1. Only one residue in Thr305, Thr343 is outside any loop (DSSP other than H, G, I, E, B) and surrounded by fewer than 23 Cβ atoms within 10 Å (Cβ to Cβ), so which one is that?
2. Might you check whether a residue that is hydrophobic (A, V, I, L, M, F, W, C), within 14 Å of ligand 2 (Cβ to nearest atom), surrounded by 19 or more Cβ atoms within 10 Å (Cβ to Cβ) and assigned to a strand (DSSP E or B) occurs anywhere in the stretch 197-206?
3. Limited to the stretch 56-91, what total is found for residues that are out of contact with any Pro (no Cβ under 6 Å at 6 or more places or on another chain), open to solvent by 10 Å² or more (accessible area, probe 1.4 Å) and in a helix (DSSP H, G or I)?
4. Taking the conditions exactly as written (closer than 20 Å to Cys285 by Cα and surrounded by fewer than 17 Cβ atoms within 10 Å (Cβ to Cβ)), does Asp48 satisfy them or not?
5. Does the stretch 263-292 hold any residues that are within 17 Å of Leu205 (Cα to Cα), away from ligand 1 (no atom under 11 Å from the Cβ) and either among the aromatic types (Phe, Trp, Tyr) or assigned to a loop (DSSP other than H, G, I, E, B) (or both), and which are they?
6. For the stretch 187-198, state whether one or more residues are at pLDDT 95 or above, more than 16 Å from ligand 1 (Cβ to nearest atom), within 30 Å of Arg82 (Cα to Cα) and over 17 Å from the mean Cα position of the chain (by Cα).
7. So which of Ala94, Ala161, Ala127 ends up being within 15 Å of ligand 1 (Cβ to nearest atom), assigned to a helix (DSSP H, G or I) and among the hydrophobic types (A, V, I, L, M, F, W, C)?
8. Going through the stretch 207-219 one residue at a time, which ones are open to solvent by less than 40 Å² (accessible area, probe 1.4 Å) and either within 13 Å of ligand 1 (Cβ to nearest atom) or free of Cβ contacts under 8 Å to residues at least 12 places away in the same chain (or both)?
Amino acid sequence: MIIGQGGREHALAWKLLQSAAVTEVCCVPGNGGTARLSGCQNLAVALDDPAEVARVAQRQGVDLVIIGPEAPLAAGLGDELRAAGLAVLGPGKAGAQIEASKSWAKDLMHQAGVPTAAAQSFTDLEAARAYLKTRALPIVIKADGLAAGKGVTVAETAEVALEAVEAALAGQLGPAGRQVLIEDYLDGEEVSVLALTDGQTVYPLLPAQDHKRIGIGDTGPNTGGMGAYAPVPWVTPVLMDRIQQQILLPTVRALRERGIDYRGILYAGLMIRPAGDPWVVEFNCRFGDPETQVVLPLLSSPLETLLLACAQGCLGDVPPPEWVLGGAACVVVAAAGYPGPYTQGDAIDGLDQAAETGALVFHAGTVWDSSHHRTAGGRVLAVTGRGASLGDALQQAYAGVSAIDFPGAYFRPDIGWRLTHEE
Ligand code: AMP
Ligand code: GLY
């Protein structure tokens, strides 16, 4: 059973069903893509009713529940399902704080000795204003709680910084912003490293690079993620080893020291500083989206074996993940207006033609209305190309995207631009 309805969940369902050992997947609630995926069915169960989710999982006889999004993890769905005797991939409420409270995560990083930017937390505007005066620009303002990737402002000026603090404290980001973190700006190159962990053993997956901004050249507002590629060529094995030794392992150890049995994905959003050192920008308690759509297609080990071992606390008994050569690139096709208010309900054409290019068309915000796929979210589709090189993968992804048509479809034409514009 996969909880969630995005491109990440479609990619998980697709990958699991590639394995002969996986005969059935159900998605709660799933989307138009998982509705039409052979071997997969969508189930409508209210996620705010954990007891009902547990009953349905038991009735279906599921061997594993994978919780995709952060909101149900932060609400403690993992604890409730485990208490009902189910094997669950995803931390409980305590562990999910690593994403759900940025100030909690900062404390944990300090405890673990993990490199991260200096920051302070505020609920009082005057105190925040005074602190801002003491810091250099640019400066980063973050809502403490979950804000669907939209709670961060990188402010170039003191005015913008103060406006962001005021807006958050005034409740414009909802409860997530009642506390704000003012964090020093880190320069460098961003990379996402997702790791599987059972609370002891940690297996990093291939590094990926997300494209968070809506506009060409990484400009404009932040989104959930407009595209990604993996692996990231400049993330060498030596750097991966430092990330493992200096960030992932100490963080999992610090969680353990707090009595947290963390079984799931630890997603490290990293800034590789100009001198080559990895620093943590944020942690997430789940698979990334769209990182998952580029990492899983490159995995050659059986995914279900790895995920079950995480859930059962015996990850060290299975071999680390193995990968196919080459690369994968994903281009997100979004609805007009995203990340602001966007249109929904439009028929999507060209999906079969897109699949004929060899690209994997993962549905993100769609529904199947028994005759058509229709748009039903901000990020509508995530189109992944694969190839012997990242260039080939990008070419296949864009060939897939160009076959797709719905009114106002928007995508970034420059996914992977940092590959060619930087050394
Ligand atoms: P987050 O939601 O914490 O990942 O932040 C969203 C984006 O804001 C990150 O992917 C970065 O591009 C940027 N960001 C966040 N914190 C910092 C920081 N301390 N320095 C520079 N950029 C940051
Ligand atoms: N792609 C960013 C995230 O999943 O948070």
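1. So the residue among Thr305, Thr343 that is outside any loop (DSSP other than H, G, I, E, B) and surrounded by fewer than 23 Cβ atoms within 10 Å (Cβ to Cβ) is Thr305.
2. No, the conditions are met nowhere in the stretch 197-206.
3. The number of residues fulfilling the criteria is 10.
4. Spelling it out, Asp48 is indeed closer than 20 Å to Cys285 by Cα and surrounded by fewer than 17 Cβ atoms within 10 Å (Cβ to Cβ).
5. Arg263, Cys285, Arg286, Phe287, Asp289, Pro290
6. Yes.
7. Just one listed residue meets the conditions, Ala161.
8. Result: Ala208, Gln209, Asp210, His211, Ile214, Asp218.
The values are calculated or read from the model by the stated rules, or taken from the named source; none is laboratory data. All of these numbers come straight from a predicted model, not from anything done at the bench. Quick reminder, even Gly has a Cβ in these numbers, built from the backbone with ideal geometry, and neighbours come from all protein chains shown. Calculation scope for accessible area: heavy atoms of the full protein, side chains included, ligands and nucleic acids excluded. Shrake-Rupley method; radii C 1.70, N 1.55, O 1.52, S 1.80 Å.
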